[in-house]
Amino acid sequence: MATTRTGIAPMKAAQIPRPGADFEIVEREIPNPGVGQVRIKVQACGVCHSDVLTKEGQWPGIEYPRVPGHEVAGIIDELGASVSEWKVGQRVGVGWHGGQDNTCPSCRRGDFRNCRNLKIPGISYDGGYQQYMLAPVEALVAIPKTLSDTEAAPLLCAGITTFNALRHSGAMPGDLVAVQGIGGLGHLGIQFANKFGYKVAAIGRGPENATLAKKLGASVYIDSKAANAAQELQKLGGAQVILATAPSSKAMSELIDGLGPNGKLVVIGATFEPIEVSPVQLISGSRSIQGWAAGTAADSQDTLLFAELSGVRPMIETYPLERAAEAYARMLSGNAQFRVVLTM
């Protein structure tokens, strides 16, 4: 259960005091932005499975206490020195990519997504489980008027991850693209894949998700409990891309034989267990496996604009900041439909 501390400070935050500890609802002084930073009055923050890294101390070098949260939507409340391209009152978001060092070999090549010293909100600095937060300008994305704060927040992690992975996958309109898992990532992946013009095969466990998968844009639903999903994909000609969203290495391994010639398994569901594949499986049909992380603020901007244009929206459950521990537990349960969002 969360504990509560009181004080005279003017803002509330849900922090982790040490690795593995319960959430604490505390009061803090509102921070002042430094050079190249803005202060954001947070309106909504998504609760992502990757917040486990902060909660349990699974990311090296985290300093505690730490406020999690990397799916942030809010309003610029104050500008730091040298900030000219953003305005007070402007609606902005911050996603997984919370800044880069601009000096490492990847950054010098413009590959900011793979910065060796990537900054991550809620890990490198305090994130969005609080009423006000600071963020560097390179992490900011403008939120379109037609997207609400609670809709925009999950798009800044789950949304950008599925959108960016699919648009860089090599699949062309009309290709068979399978989305493994109908959860926080998968329900967005199905929508984006449909709007990209792919023939979408949704893969879930059990018949109960079939209707929803079709509603989200899938042409075919494959129940992996009732049938061999890889064989079913081959009956459809083999998948050009399989977007693996559910964090199950075993389930991913079982799908590799469902790839068509030059097919690619794109892994975005994070798990520490190994994927099992034989060299013959990859050599036969020139198949490949690729991992994909989220993307830069520019990629987030593309995601929001495309969602605005196409009507892609996350399905969400909302909780107030004071119930952060309950919201986090709901996310971990796997029963949320489908993204959990804190509101301030």
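Simple rule: put +1 on each Lys or Arg Cβ and -1 on each Asp or Glu Cβ in the chain, find the dipole, and look at Gly128, Gly258, Ala44; the Cα lying farthest toward the positive end is Gly258.
Across Gly69, Gly95, Gly260, mean-square fluctuation computed from a Gaussian network of the chain (C-alpha pairs under 10 Å connected) peaks at Gly260. Annotation: per residue accessible area for the range 210-324 equals 48 Å², rounded to a whole number [probe 1.4 Å, protein chains only].
These residues, Glu27, Glu276, go from largest to smallest accessible area, 1.4 Å probe, as Glu276, Glu27.
Computed with a 1.4 Å probe over protein heavy atoms only, the accessible area of Val280 comes to about 110 Å². Oblate is the label for the range 220-270, because a/c, from the alpha-carbon gyration tensor with a ≥ b ≥ c as root eigenvalues, is 1.5 or above and a/b does not exceed b/c.
Carbon-plus-sulfur accessible fraction, the range 1-141 (probe radius 1.4 Å, protein heavy atoms only): 47%. Each listed q (0.14, 0.17 Å⁻¹) maps to a log10 I(q)/I(0) for the range 242-326, found by the Debye formula over equal Cα scatterers with no solvent: -0.71, -0.89. Ranking Ser249, Ser219, Ser84, Ser224 by solvent-accessible area of protein heavy atoms (1.4 Å probe, all protein chains present), from largest to smallest, gives Ser84, Ser219, Ser224, Ser249.
The listed residues Ile283, Ile203, once ranked by accessible area (1.4 Å probe) with the largest placed first, stand as Ile283, Ile203. Ignoring aspartates and glutamates fewer than eight residues from Lys235 along the same chain, the ones with Cα atoms less than 15 angstrom from its Cα are Asp175, Asp223, Asp257.
What percent do you get for the relative contact order of the chain when only Cα pairs under 8 Å and 6+ apart count? Reported relative contact order: 18 percent.
Give me the percent of accessible area attributable to carbon and sulfur for the range 173-283, probe 1.4 angstrom. Percent of accessible area from carbon and sulfur atoms in the range 173-283: 53. The chymotrypsin sites (Phe, Trp or Tyr not before Pro) of the range 262-344 meeting both criteria, a DSSP state outside H, G, I, E and B (loop) and at most 10 other C-beta atoms within 10 angstrom of the site's C-beta, are Phe272. Taking a straight line from the alpha carbon of Lys145, these lysines sit under 30 Å away, with near neighbours fewer than eight places off in the same chain left out: Lys12, Lys41, Lys87, Lys119, Lys195, Lys214, Lys215.
Could you grab the relative contact order for the range 208-341? Cα pairs under 8 Å, six or more apart, rounded to a whole percent. Provide the component values of the computation, followed by the final result.
Numbers: 156 pairs, mean separation 21.0, N = 134.
With pairs under 8 Å counted, the relative contact order is 16 percent.
Near Gly159, once Lys and Arg are set to +1 and Asp and Glu to -1 for all other residues with Cβ below 11 Å from its Cβ, the sum equals -2. Solvent exposure of the range 57-111 amounts to 49 Å² per residue of accessible area, where only protein heavy atoms count and the probe is 1.4 Å. Where both bridge residues fall in the chain, DSSP classifies roughly 50% of the beta bridges as antiparallel.
Give the aspartates and glutamates reachable from Lys55 as a straight Cα distance under 16 Å; neighbours fewer than 8 places away on the same chain don't count. Reachable aspartates and glutamates: Asp22, Glu24, Glu63, Glu71, Asp126, Glu326. Relative contact order of the range 151-288, taken over Cα pairs closer than 8 Å and 6 or more residues apart, is 21 percent. Relative to the Cα centre, the charge distribution of the chain, modelled as +1 at Lys and Arg Cβ and -1 at Asp and Glu Cβ, gives a dipole magnitude of about 480 debye. Considering only Leu332, Leu156, Leu243, the Gaussian network model of the chain with Cα springs below 10 Å gives its largest mean-square fluctuation to Leu332.
The values are calculated or read from the model by the stated rules, or taken from the named source; none is laboratory data. Here the structure is a predicted model, which is why all the values come from computation and not from measurement. A quick note on method: Cβ atoms are made from the backbone with ideal geometry, for glycine too, and the neighbour counts reach across all protein chains shown. Keep in mind that these areas ignore ligands, DNA and RNA; they rest on the heavy atoms of the full protein, side chains included. Shrake-Rupley method; radii C 1.70, N 1.55, O 1.52, S 1.80 Å.
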